[in-house]
Structures are given as structure tokens and as C-alpha cells.
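The values are calculated or read from the model by the stated rules, or taken from the named source; none is laboratory data. The structure presented is a predicted model; accordingly, all values stated were derived computationally and were not measured. Here Cβ is always computed from backbone atoms with ideal geometry, including for glycine, and neighbour counts include all displayed protein chains. Remember, those area values only see protein heavy atoms, side chains included, never the ligands or the DNA or RNA. Shrake-Rupley method; radii C 1.70, N 1.55, O 1.52, S 1.80 Å.
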Amino acid sequence: MARNSYWLSALMLLSLPSWASEATPDTDPSLYQRGQQWFARVLEELGADGGFDPDKGIDWSVMPGPFYTPEKSLGIGVSTVGLYLPDRNDTVSQPSSITINGFGSINGSLGIGVESRTFLKEDKYRLFIDAELQDAPDVFYGIGMDNGREVANLVNFELTEYRFKPQAMMRVLPSTYIGAGFDLVGTKAREIDADAPQPLSLAPAAQFPEKSFSAGPSLHLVHDSRDFILNASEGRLLQADVVFYDEAFGSDSDFQKVTLNYSDYMTLDVVPGILAWQWIGEFNHGDVPWDQMATLGGANRLRGYEQGRYRDRQMTLAQVEYRQPLRGRHGMVYWVGAGTLADRVSELGDEKWLHTLGVGYRFEIKQRVNLRLDMGFGNGENGFYFAVNEAF
């Protein structure tokens, strides 16, 4: 955690007012100024200038930094974001973006993820592409909230996973889009813990661990009035996604996944900042493989919990954030959240809920694009996360 403290201290250096160097007699103003200038040059070299220059084509920023999560342990991440305008004459569309997150950690985790968000023809068309490849330690406790709470159920293994998810959408009403896409995901569990308990049954004819491949077309209905999807200050998102995984497309099993997302953002008048809240529901039907169960935990869904520990067919969660601006390009975030899982939709809420709260630091590396460092606390668990863009 010493690396975490160093990184935060270095970023906060830029936000200190000039008189801060005179707060104590022992402080050398010239040393402070030299440190401030040096760090400003480093940020400029990395492209983290807090602005956006369309003349650069794709205006890139690269930021390295430490992270700690329960599933990946202590590691180093590199977050890269590029903003661009496909059509310089288009004054309606928000800037398009490419986000690349790579990581490596001391327990052998390696991975890279790419998110592309392209807005075309005055935001009449949208093309989104997500791709991910990782090889990292993972955990399996079984299916259901009760199994997730049983430490004795823990199975450690290495997971190799790849995913490719393109979507194309067209505006049909103001701020409303329909679209289609495809979801392809493959996983392979290996190096299973020899001392682990016997594999637990997940579904008919399905046991852990095994290779799994799921593929199928997707349909999307979206109402999106957010002013900037990477860091909204106003507007809302209402989204319904349905994926039909089917053997006809090479999938190992037939099942359907429905994901509903309601997110809202409001700029506050009484105090400076933004209030953001979100509800997500994920509902699976059919022969759902172990790796495609709904999960809680990780960097976006209930920060602070070990990703993969809690799995089941149905999931619901809600989270609320207060995003507080500080001086210059700095900010803080405070959040609370809760979620639960169940085998059936009618059983959601019967089990005990998982709760999370946390605090995060924000630094604007590009215009309205934040580097985030979050510390989340769950029921007996915690995690430190490093990434670009907000959790929701």
C-alpha cells in the first residue's frame, strides 16, 4: 500500500495552492516549485493535460498506477484513453473514445481490455466494441449466496478468458436507439487447487471446472440522454440488453441473458458536485454455464468484494455516488451500494444482501475523462481499484 500512498501524494501535489509551500518554516518554496514543475512535465509527456485537441486525430493519454483487488492481489495497471472526432464538422456528437486497460500483478495476473465508443452522423449511429483477454487466478465457491459465504468451499484455479462484443445502434427517437450485436466469450479453468473440495453441481450436465464457450446474437433498446457517457453530469440511461446464446452459433449450451440498467445523473445546486445512482438487474434462463452466471464484486459491481465469489442465475444491485469536485483537476467520490443473488427472480431478496461503501480519488487526465483510484469496503472484504472512467 506504500505505492498507493506515493501515487496519491504525487497527484495531489499539483492541487496545492502557492501559499501551501509557506505553511511551515522548514518548507523550501523552490523545492516545491521544482517538484510541481517536474510532475507537470511528466503528465504532459503522458498526455494527461486535462484537455482535448481534435487536431491530434486521436488525442491519447497514458497513465500507469498501482492497484490491489482481492482476486488479483497487488499489481500495476496501465490505463490509456484516446478521444477523437470521426467528423470534425459534426457539432452534435460527443467525442468518440478508445479506452485500453492493461494490468499485471504479483500473483501472475495478466490482462488487457479494450472499449471503443464511436458516435457518427450527429449521433444518429453508434458503434460500440468491447474486447478482453486475460489470464489470471480466479476463485469458485459454488452457486448461491450461501455457498459464497462458506470459506471451506473455496476452489483456486487459473482462468484464461477472452471476450469479443460488438454492437451497432441507430437512433429512432430523440435519445432513443435500437441495435443488434454479438457476444462471444470463451473460458478455460486450469491448475485447479489440489486441496479444493469436490466440484459442485451447477446445472444439469454441467460441472466445474471445464472449458466453456458461449456465443450468440444480441438485441438492444437504449434511451440515453447523458451528456457524456464516460463521465456524465446530467441525463439518464435506460437500457435493456438480451443475448441469445445458442448451439447454432457454436455455443456449448443454449441460454438467454437479459440485463436491465437504469442510471441517473444530476448536478447539485446546494453543494458542488454530481449525484449519480444506478440499478442493474441480470436475469439468466436456460442451461447457464458456471462462467456466465450473474456475479457481484469487482471494479464496477459492488467494489470491495472478490470478483467470482458470489454467482447465481439472477442478480440485482443498486449503488449511489456523490462526486465532489476539488481544486483544479482533482475530485473525490463517495458511494454506498447493495446487491443480492438468487436462483429464481421471485427469490431475489430472500437471501442476505451484500453491502459496500467506499471512497475514491479522481484526477482529470483528459477533458472530462478521469483516472480513478477507489477503495471499497464490503462485508469483511476490501479492494483498491485503478482504472480510467467511472464505475457507472
**Request:** Please report, in debye to the nearest 20, how large the charge dipole of the chain is about its Cα centre when each Lys and Arg carries +1 at its beta carbon and each Asp and Glu carries -1 there.
**Result:** 800
**Asked** With θ set to phi - 60° and the Karplus curve 6.51 cos²θ - 1.76 cosθ + 1.60, what are the ³J(HN,Hα) couplings of the range 125-130 in order, to the nearest whole Hz, using x for Gly and Pro?
**Response** 10, 10, 10, 10, 9, 10
**Item:** Sites matching trypsin sites (Lys or Arg not before Pro) across the range 337-389 that sit in DSSP coil, with at most 15 neighbouring C-beta atoms within 10 Å
**Value:** ARG344, LYS352
**Message:** Taking 0.36 nm per residue of sequence separation and subtracting the Cα-Cα distance, how much length would be gained by fully extending the chain between ASP135 and VAL151, in nm to one decimal?
**Reply:** 3.4 nm
**Message:** Per residue, how much accessible surface does the range 250-390 expose to a 1.4 Å probe? Answer in Å², no decimals.
**Reply:** 37
**Request:** Provide the solvent-accessible area of LEU31, counting protein heavy atoms only and rolling a 1.4 Å probe, rounded to the nearest 10 Å².
**Result:** 100
**Item:** Helix-derived mean residue ellipticity, 222 nm - over the chain, DSSP H n ≥ 4, -39500 (n - 2.57), to 500
**Value:** -2500 deg cm²/dmol
**Per DSSP, loop trypsin sites (Lys or Arg not before Pro) in the range 59-146 with at most 15 further Cβ within 10 Å** = ARG88, LYS121, LYS124
**Asked** In nm, to one decimal, how far is the ALA240 label point from the MET170 one, both placed 7 Å along Cα→Cβ?
**Response** 2.0
**Fill in**
Between the residues VAL78, VAL62, THR295, the Cα farthest towards the positive end of the dipole of the chain, that dipole coming from +1 and -1 charges on the beta-carbon of Lys, Arg, Asp and Glu, is from VAL62
**Complete:** Correct response: the longest run of the chain lacking exposed GluC sites (Glu not before Pro), defined by DSSP loop and at most 12 other Cβ within 10 Å, is 192-392
**Prompt:** What residues have an amide H closer than 5 Å to that of MET332, excluding those fewer than 5 places away on the same chain, when H is modeled at 1.01 Å from N in the peptide plane?
**Reply:** GLN324, LEU326, ARG362
**Asked** With labels modelled as points extended 7 Å from the Cα through the Cβ direction, what inter-label distance (nm, one decimal) is found for GLN33 paired with SER225?
**Response** 5.1
**Prompt:** Measuring from label point to label point, each 7 Å out along Cα→Cβ, what is the TYR125 to ASN107 span in nm?
**Reply:** 4.4
**Item:** Student exercise, the range 246-392 dipole from Lys, Arg, Asp, Glu Cβ charges, in Debye to nearest 20
**Value:** 1000
**Request:** Pop out the ³J(HN,Hα) list for the range 306-319 in order, Karplus 6.51 cos²θ - 1.76 cosθ + 1.60 with θ = phi - 60°, rounded to Hz; leave Gly and Pro as x.
**Result:** 5, 5, x, 6, 10, 9, 5, 6, 10, 8, 9, 8, 9, 8
**Prompt:** Among TYR262, GLY304, ILE229, whose Cα lies farthest out toward the positive end of the dipole of the chain, if unit charges sit on the beta carbon of Lys, Arg (+1) and Asp, Glu (-1)?
**Reply:** ILE229
**Prompt:** Residue by residue, what Karplus-based ³J(HN,Hα) values in Hz, rounded to whole numbers, does the range 265-276 have, using 6.51, -1.76 and 1.60 with θ = phi - 60° and x for Gly and Pro?
**Reply:** 9, 9, 6, 7, 9, 5, 10, x, x, 10, 9, 10
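May I ask which of LYS56/LYS124; LYS165/LYS188; LYS124/LYS257; LYS72/LYS211; LYS124/LYS211; LYS124/LYS366 have a Cα-Cα span longer than 30 Å here?
Beyond 30 Å between Cα atoms: LYS124/LYS211.
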**Complete:** To the nearest 10 degrees, the tilt of helix 2-13 (Cα long axis) against the first principal axis of the alpha carbons of the chain is 40
**Prompt:** When the chain is treated as a GNM, springs tying every alpha-carbon pair under 10 Å, which of ASP59, ASP193, ASP241 comes out with the largest mean-square fluctuation?
**Reply:** ASP193
